[in-house]
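Inspection log for the structure reproduced underneath, given as structure tokens.
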Amino acid sequence: MGYEVHSEKGWVNRGNLHRMKELMRRAEQGDRMTLAFLGGSITQGSVSTQYTNCYAYRVFDWFVKRFPKTAFTYVNAGVGGTTSQFGVARVDEDVLLYKPDFVIIEFSVNDDNTDFYQETYEGLVRKVYGNAYAPAVLLVHNVFYNTGVSAEEKHRAVGAHYKLPSVSMRSTIYQEVASGAIPNREITPDDLHPNSSGHELVADVITDCLDKIYMQRWENEEPYSMPEPLTRNAYANARRYQNHNSNPVCDGFTADGTLKKYVNDMFRCGWTAAAKGASITFEVEGTEIAVQYRKSVNLPAPVAIAVVDGDEENAVTLDANFDETWGDCLYIDTAAHHIAAGKHKVEIRITQTHENDAVPFYLVSVIGA
């Protein structure tokens, strides 16, 4: 490919490097370590030719080559089409369960640049940074290469508040694309997902930051303690209600007993229903409620509603018909935001079916925080 970017411009938040330096000092001694990558389809490796070409594996490989005495474990927890609202609800089982020493968080093209996603992102960052095993955390901000759009502004504010190092593709790769120095189709087929060459550039920006930290690894730096939240921080204790950890009242909904095989095998452990009027009712504690379900490319599909505490007037429509063609979508609709703390009744009810429905309604989970 031969394209280069000004990777040195990518380290946009220096942050407090105590944990990163400790990580590298331990790695030089030959400790065993786990490196985890949490994000959307770019982290998953979408459109790279093979998994070893994605940016996450390339960063993992940087550690392997830089610290040959250490045995590293690779955990890729990227799930396409998902936001930090889901990330904070699944991070315990998909990342923290493995007691990671290092975590990259990447959701800046999945989240919108809004206060809502700043709050869900902070909940995720706070949960990872505050974990008992104190992993080193690096924030990665990807970008749409045709517009420069991302949630970087809101996400960088969170990173600055927690003094976390972060790197930006908007200040590096995007600048070269916008100037015409790099033709966009050379590195991305759709202006969002990097191809293998694009993943290489993303990894270069990240490893340039890691190289700079490596050069400072023996310089002492005091640890940074957990600050007060930047937002209302209602999402730091988010949890998922699925059929293995909850007992909703089912009327026409059937539990899916198929076992989940891998991290992005997402249409599992939920419930299905095909008949109009079928309902499932949960008791959820918290101030935030969301419903996660399948939007299907196989049309037509049923339509449901989510009703919180019997408030039919403000019911949220859950339309399982997906108007894209790339595949079924793991979708989240927010049913309640910043409501009164306590226990709430959440009913999902099928309101519309079709004589020739191609698939049933699939409820993946209810998320409470």
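The values are calculated or read from the model by the stated rules, or taken from the named source; none is laboratory data. Nothing here was measured: the structure is a model prediction, and the numbers come from that model. Virtual Cβ from ideal backbone geometry, glycine too; neighbours counted across all protein chains shown. Protein only, heavy atoms only, side chains kept; ligands, DNA and RNA dropped before computing areas. Shrake-Rupley method; radii C 1.70, N 1.55, O 1.52, S 1.80 Å.
Counting other C-beta atoms within 10 Å, and keeping those with at most 13, which DSSP coil GluC sites (Glu not before Pro) do you find in the stretch 1-58?
Glu4
For Asn113 and Thr317, what is the calculated FRET efficiency with R₀ set at 41 Å and r taken between the beta-carbons, to the nearest 0.05? Let's see the in-between values first.
Details: r = 25 Å, r/R0 = 0.61.
My answer for the efficiency is 0.95.
Tell me the per residue accessible area of the chain using a 1.4 Å probe; a whole number in Å² is fine.
With the other protein chains kept in place, the chain gives 42 Å² per residue.
How big is D for the chain, in µm² s⁻¹ as a whole number, if Stokes-Einstein is applied with the Kirkwood radius of its Cα pairs at 20 °C and 1.002 mPa s?
100 µm²/s
Treat the stretch 195-323 as a sphere of radius equal to its Kirkwood radius over Cα pairs and apply Stokes-Einstein at 25 °C in a medium of 0.890 mPa s; give the translational diffusion coefficient in µm²/s, rounded to a whole number.
Reported coefficient: 125 µm²/s.
In whole angstrom, and with the biggest value first, how far do the Cα coordinates of the stretch 50-208 range along each principal axis?
Principal-axis extents of the Cα atoms in the stretch 50-208, largest first: 46, 42, 26 Å.
Any idea how far apart Asp191 and Glu22 come out in nm if each label point goes 7 Å out from Cα toward Cβ?
4.4 nm
Which far-off residues, 5 or more places away or on another chain, put their amide H under 5 Å from the one on Arg170, with H placed in the peptide plane?
It is none; the list stays empty.
Between Tyr133 and Ala71, what is the label-to-label distance in nm when each label sits 7 Å out along the Cα-to-Cβ direction?
1.5 nm
What fraction of the Cα pairs in the stretch 311-354, stated in percent, has a spacing above 12 angstrom? All intermediate terms of the calculation are to be shown ahead of the outcome.
On the way: 691 of 946 pairs.
Distances greater than 12 Å cover 73 percent of the Cα pairs.
Quick one: which of Lys276/Lys345; Lys65/Lys99; Lys21/Lys99; Lys127/Lys345; Lys127/Lys154 span more than 24 angstrom between C-alpha atoms?
From the list (Lys276/Lys345; Lys65/Lys99; Lys21/Lys99; Lys127/Lys345; Lys127/Lys154), the Cα-Cα distance tops 24 Å for Lys127/Lys345.
If each of Thr351 and Phe267 carries a label point 7 Å out from its Cα toward its Cβ, how far apart are those two points in nm?
Going by the 7 Å Cα→Cβ label model, 2.4 nm.
Per-residue counts of other Cβ atoms within 10 Å, averaged by peptide: what ranking do you get for 141-154, 176-189, 249-262, highest first? Write down the numbers at each step before the final one.
On the way: 141-154: 20.4, 176-189: 15.9, 249-262: 13.4.
Put in order of decreasing packing, that is 141-154, 176-189, 249-262.
In degrees from 0 to 90, rounded to the nearest 10, what is the angle of the helix 55-66 Cα long axis to the longest principal axis of the chain?
Tilt relative to the chain: about 40 degrees.
What angle, in degrees between 0 and 90 and rounded to the nearest 10, separates the Cα long axis of helix 18-29 from the longest principal axis of the Cα atoms of the chain?
70 degrees
In whole Å, how far is the Cα centre of the stretch 198-213 from that of the stretch 1-23?
Comparing the Cα centres of the stretch 198-213 and the stretch 1-23, I get a distance of 7 Å.
May I ask you to evaluate 6.51 cos²θ - 1.76 cosθ + 1.60, the Karplus curve with θ = phi - 60°, for each residue of the stretch 261-271 and list the ³J(HN,Hα) values in order in whole Hz, giving x for glycine and proline?
Values, residue by residue: 9, 8, 4, 9, 8, 8, 8, 9, 6, x, 9 Hz.
Find, to one decimal place in angstroms, the Kirkwood hydrodynamic radius of the stretch 129-238, where the mean of 1/r is taken over every pair of different Cα atoms and then inverted. Mind showing how you got there, number by number?
Numbers: mean 1/r = 0.0626 Å⁻¹.
Answer for the stretch 129-238: a Kirkwood hydrodynamic radius of 16.0 Å.
With a 1.4 Å probe and every protein chain kept in, tell me what percent of the accessible surface of the chain is carbon plus sulfur.
45 percent
With N set to the residue count of the stretch 64-142, report its C-alpha Rg divided by 2.2 N^0.38 Å to two decimal places. Can you show the working numbers first?
Values: Rg = 13.3 Å, N = 79, 2.2 N^0.38 = 11.6 Å.
The reported ratio for this selection is 1.15.
Please give the calculated 222 nm ellipticity per residue for the chain, where each DSSP H segment of at least 4 residues contributes -39500 (n - 2.57) and the sum is spread over every residue; nearest 500 deg cm²/dmol?
-7500 deg cm²/dmol
In what order, largest first, do Tyr74, Tyr214 sit by accessible area if the probe radius is 1.4 Å?
Tyr74, Tyr214
Report the Stokes-Einstein translational diffusion coefficient (µm² s⁻¹, integer) for the stretch 1-107, Rh taken as the Kirkwood radius over Cα pairs, at 4 °C with viscosity 1.567 mPa s.
This corresponds to a translational diffusion coefficient of 86 µm²/s.
Rounded, prolate or oblate: which fits the stretch 115-157 when a ≥ b ≥ c are the square roots of the eigenvalues of the alpha-carbon gyration tensor, with rounded for a/c under 1.5 and prolate only if a/b beats b/c? Write out the running numbers ahead of the final one.
Numbers: a/c = 3.97, a/b = 1.92, b/c = 2.07.
In terms of gyration-tensor shape, oblate.
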